[in-house]
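Take a look at the structure below.
The values are calculated or read from the model by the stated rules, or taken from the named source; none is laboratory data. Since the model is a prediction, treat every value here as computed from it, not as a measurement. Virtual Cβ from ideal backbone geometry, glycine too; neighbours counted across all protein chains shown. Just so you know, the surface numbers come from the protein's heavy atoms only, side chains and all, with ligands and any DNA or RNA stripped out. Shrake-Rupley method; radii C 1.70, N 1.55, O 1.52, S 1.80 Å.
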Amino acid sequence: MSGGGPPRKRNFKIEAFKHRVELDPKYAERTWKVLEHAIHEIYNHNASGLSFEELYRSAYNMVLHKYGEKLYDGLQSTMTWRLKEISKSIETAQGGLFLEELNAKWMDHNKALQMIRDILMYMDRTYVPTAHRTPVHELGLNLWRDHIIHSPMIHSRLLDTLLDLIDRERMGEVINRGLMRSITKMLMDLGPAVYQDDFEKPFLEVSASFYSGESQEFIECCDCGNYLKKAERRLNEEMERVSHYLDAGSEAKITSVVEKEMIANHMHRLVDMENSGLVNMLVDDKYEDLGRMYALFRRVPDGLSRIRDVMTSYLRETGKQLVTDPERLKDPVEFVQRLLDEKDKHDKIISVAFGNDKTFQNALNSSFEFFINLNNRSPEFISLYVDDKLRKGLKGATEEDVEVILDKVMMLFRYLQEKDVFEKYYKQHLAKRLLSGKTVSDDAERSMIVKLKTECGYQFTSKLEGMFTDMKTSQDTMQDFYAKKSEELGDGPTLDVHILTTGSWPTQPSPPCNLPTEILTVCEKFRSYYLGTHNGRRLTWQTNMGTADIKATFGKGQKHELNVSTYQMCVLMLFNNADGLTYKDIERDTEIPASDLKRCLQSLACVKGKNVLRKEPMSKDISEDDTFYFNDKFTSKLVKVKIGTVVAQKESEPEKQETRQRVEEDRKPQIEAAIVRIMKSRRVLDHNSIVAEVTKQLQARFLPNPVVIKKRIESLIEREFLERDKVDRKLYRYLA
């Protein structure tokens, strides 16, 4: 075989069947009649006598022979005729049988549709897609929708029946929920649009009208708690109704209707309701009602903010009354305890009823911060409360109890804007506790200092820690003193000295009083010992801070040991050499400052059960014309009698002013240091920015006054740390 090019490709072709099949002209009509009869038999429940295989083949052949259109149109007209007949049957159903008849016919239609679809499966798969016709099952649903559901005689009756049943159920009647579920499922099967347009929209409108009326009725006759219970019940009922026989998509819509009509529309009235609204619930600790209000109001826009706003204004108002009530200010410990009780109460409400909602916790904190700082004595009172607890209030308490109380105090401390004022008072009170040996537990004291240190840093507590160091050093010093000087001291008075580092302790310069000769001798021996062992130090006796134990013998030889202050000891020792002394005699001999002397004599002569001195004339106050006598007739069941022990108490107005002045003086260098730090890093800054930065830096300790900041800037300009800009007078420049 020879050839000059590539081999040619052969094209294979399938030829059409040459033999023409002649169809009976009446084939299609005859075959359709068979299928039509079968469809009627299926609707008549006589499907058991049919051969589905033969029917399928007949339908298959009709489509194969291009009679798909005739088959489809015939099916459509046959089903339409059947559904019109079914419609008449449903329309004639009376009363409660209406829904049952509709449901029964719907079930029949669904079964018939399933069988018809199986017979016409080939048409469904081939003819329907190519001819762009509706699939058989969908066609059956559409015809049911058009001829049954949208039938003028059925459409409104169906809606009225469904809404009537729901209304009766709302009024407490029991209805056939299974039947309702079948009907609403039928509407959903016909398409979401059918369910929504023919049932859901009217249902929501009627529900809105129902709940609008009912809520109006409830709010006129119920208190807030009962109204909320009813609203909650209605809401739960609607959610339950959806779960039983409505489409799940309806839940959000119907609950929104109930929320709007029963809660949102009456929100303000409910919260402010007289004798039962939010404030009453807070006052009476109605956790259940508050929890219900929170759960319901969170479902509506601005619901929680409304509760929060009313709670905040209530807290601020009651807090303001609490911190400005003169009666409550008489007892600082009770004052702080009341604050803690209020905080505990509202913490529990937020925890139990409001699910620990952070926004409510923030509102509570801001309210407490607001009213605690309305009273400028709050720092002093909180320190006094701690003092009371660490003196006696925590005796017998477990370590956990102590921690709980101290943590609560720290919570109030965080609200203080003037933490430096608290520090001043705390230092004074701690000093008195340590020096009088009245602290209940060193561990508790140290725990409090650790908490303050964590909160405010080392600088805040360094002096407090120094006070503890001094106490330990003093013990060691006294042991060494008695070890070396015991023979020299003999049987004289026993001295216990606390050596306090200047700067760590809140000592005020006080003129030394005249100590009794016996005490003075021991003091001088200690002075020479101490200065001999420590070079370059000075000792100044703080007689206003000391205590003494002295033995006294009264009438009939009755002996007592009196625990008194150093000043009281100086006064009592004078009566060893005199039966009676005038106020002026005592003042001359002791040189105790007048204010201290009067307090001292008052506690010795005017306190029932502690009156070791007798005063003439007898009165509660001390005057310069009084005469004092040793009280021979003094008796007590106790051998050891405490007289006028140093107990921390509220400062008098002059003392308060003095403390405030000291605080203001201490603040000046802190403000100046902050200004210099800021200007050093920024070099040039305007006045308002400096004030803002200084406030930000110092607010952990106190809120600086802008006027004071301005004065400190002026002082720094005078000392040439800063200068004003020559063009813009509000600008400052840092001078290196």
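With the condition kept exactly as written, say whether any residue in segment 377-391 is closer than 27 Å to LEU703 by Cα and not in a helix (DSSP H, G or I). Yes, segment 377-391 has at least one match.
May I ask you to verify whether GLY303 is closer than 30 Å to VAL174 by Cα, modelled with pLDDT under 95 and either in contact with a Leu (Cβ under 8 Å, 6 or more places away or on another chain) or not hydrophobic (A, V, I, L, M, F, W, C) (or both)?
On the way: closer than 30 Å to VAL174 by Cα: no; modelled with pLDDT under 95: yes; either in contact with a Leu (Cβ under 8 Å, 6 or more places away or on another chain) or not hydrophobic (A, V, I, L, M, F, W, C) (or both): yes.
The answer is no for GLY303.
When the criteria are applied in full, ASN275 meets the requirement of being farther than 30 Å from VAL194 by Cα, under 33 Å from the mean Cα position of the chain (by Cα) and of a type outside the set (A, V, I, L, M). Here LYS201 meets each of (1) free of Cβ contacts under 8 Å to residues at least 60 places away in the same chain; (2) open to solvent by less than 70 Å² (accessible area, probe 1.4 Å) with one exception, condition (2). When you scan segment 548-557, do you find a residue that is of a type in the set (Val, Ile, Thr) and part of a helix (DSSP H, G or I), even just one? No, segment 548-557 contains no residue that is of a type in the set (Val, Ile, Thr) and part of a helix (DSSP H, G or I). If we keep just the residues of segment 407-432 that are open to solvent by 30 Å² or more (accessible area, probe 1.4 Å) and without any contact (Cβ under 8 Å) to a residue 60 or more places away in the chain, which is nearest to LEU703 (Cα to Cα)? Within segment 407-432, the match that is nearest to LEU703 (Cα to Cα) is ARG414. Got at least one residue in segment 66-89 being open to solvent by 30 Å² or more (accessible area, probe 1.4 Å), more than 21 Å from LEU141 (Cβ to Cβ), in a helix (DSSP H, G or I) and not charged (D, E, K, R)? Scanning segment 66-89, I find no residue that is open to solvent by 30 Å² or more (accessible area, probe 1.4 Å), more than 21 Å from LEU141 (Cβ to Cβ), in a helix (DSSP H, G or I) and not charged (D, E, K, R), so the answer is no.
Among the residues making up segment 538-572, those that are hydrophobic (A, V, I, L, M, F, W, C) and open to solvent by 40 Å² or more (accessible area, probe 1.4 Å) are TRP541, MET545. Residues in segment 617-642 that are among the hydrophobic types (A, V, I, L, M, F, W, C) and exposed (fewer than 11 other Cβ atoms within 10 Å of the Cβ): MET618, LEU638, VAL639.
I want to confirm something. Restricting to segment 387-405 and keeping residues that are within 25 Å of the chain's Cα centre (by Cα) and crowded, with 16+ Cβ neighbours inside 10 Å, which single residue is modelled with the lowest pLDDT?
We begin by selecting, within segment 387-405, every residue within 25 Å of the chain's Cα centre (by Cα); these are 400-405.
Checking which are crowded, with 16+ Cβ neighbours inside 10 Å leaves us with 402, 405.
Values: VAL402: 82, ILE405: 88.
For segment 387-405, the residue satisfying everything is VAL402.
Within segment 486-511, track down each residue that is farther than 30 Å from ASP420 by Cβ, modelled with pLDDT of 75 or more and of a type outside the set (Asp, Glu). Give the derivation first.
Here is the first cut: in segment 486-511, the residues farther than 30 Å from ASP420 by Cβ are 486-497.
Keeping just the survivors that are modelled with pLDDT of 75 or more gives 493-497.
Scanning segment 486-511 gives PRO493, THR494, LEU495, VAL497.
Checking each residue in segment 594-609 for being over 19 Å from LEU515 (Cα atoms) and open to solvent by less than 70 Å² (accessible area, probe 1.4 Å) picks out GLN602, SER603, ALA605, CYS606, VAL607, GLY609.
Selection within segment 543-574: residues that are of a type in the set (S, T, N, Q) and modelled with pLDDT of 80 or more. The member of this set that is nearest to THR521 (Cα to Cα) is THR566.
In segment 590-605, the residues that are without any contact (Cβ under 8 Å) to a residue 12 or more places away in the chain and not assigned by TED's automatic domain parsing to the domain that holds ASN514 form no Cβ pair under 7 Å with any partner that is polar (S, T, N, Q) and assigned to a helix (DSSP H, G or I), whether six or more places apart or across chains.
The C-beta contact set for segment 563-581 (first residue farther than 21 Å from PRO512 by Cβ and assigned to a strand (DSSP E or B), second residue of a type outside the set (Gly, Ala, Ser) and open to solvent by less than 30 Å² (accessible area, probe 1.4 Å), distance under 9 angstrom, 6+ apart or interchain) comprises ASN563/ILE550; ASN563/VAL641; ASN563/ILE643; GLY580/PHE628. For segment 262-279, the tally of residues that are open to solvent by less than 70 Å² (accessible area, probe 1.4 Å) and free of Cβ contacts under 8 Å to residues at least 12 places away in the same chain stands at 0. Residues that are among the small types (Gly, Ala, Ser) and under 18 Å from PRO511 (Cα atoms) do not occur anywhere in segment 597-607.
So that you can scan it fast, the table gives a plain yes or no per residue for (1) in the same structural domain as VAL206 (by TED's automatic domain parsing); (2) of a type outside the set (Lys, Arg); (3) open to solvent by 30 Å² or more (accessible area, probe 1.4 Å):
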{"residue": "LEU113", "(1), (2), (3)": "no, yes, no"}
{"residue": "ILE116", "(1), (2), (3)": "no, yes, no"}
{"residue": "ARG133", "(1), (2), (3)": "no, no, yes"}
{"residue": "LEU141", "(1), (2), (3)": "no, yes, no"}
{"residue": "ARG145", "(1), (2), (3)": "no, no, yes"}
{"residue": "THR161", "(1), (2), (3)": "yes, yes, yes"}
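Put simply, of GLU259, GLU251 the only residue that is of a type in the set (Asp, Glu), assigned by TED's automatic domain parsing to the domain that holds LEU190, surrounded by 17 or more Cβ atoms within 10 Å (Cβ to Cβ) and closer than 21 Å to ASP167 by Cβ is GLU259. Figure legend. Inter-residue proximity from segment 30-57: first residues closer than 12 Å to MET115 by Cα and without any contact (Cβ under 8 Å) to a residue 12 or more places away in the chain, second residues aliphatic (A, V, I, L, M) and open to solvent by 80 Å² or more (accessible area, probe 1.4 Å), beta-carbon distance below 7 Å, spacing 6+ or different chains. No pairs are indicated.
Could you run through segment 582-593 and say how many residues are open to solvent by less than 20 Å² (accessible area, probe 1.4 Å) and in a helix (DSSP H, G or I)? Spell out how you get there, then give the answer.
Start the filter on segment 582-593 by keeping residues that are open to solvent by less than 20 Å² (accessible area, probe 1.4 Å), which leaves 583, 586, 590, 592.
Those still in the list that are in a helix (DSSP H, G or I) too: 583, 586, 590.
So the count comes out to 3.
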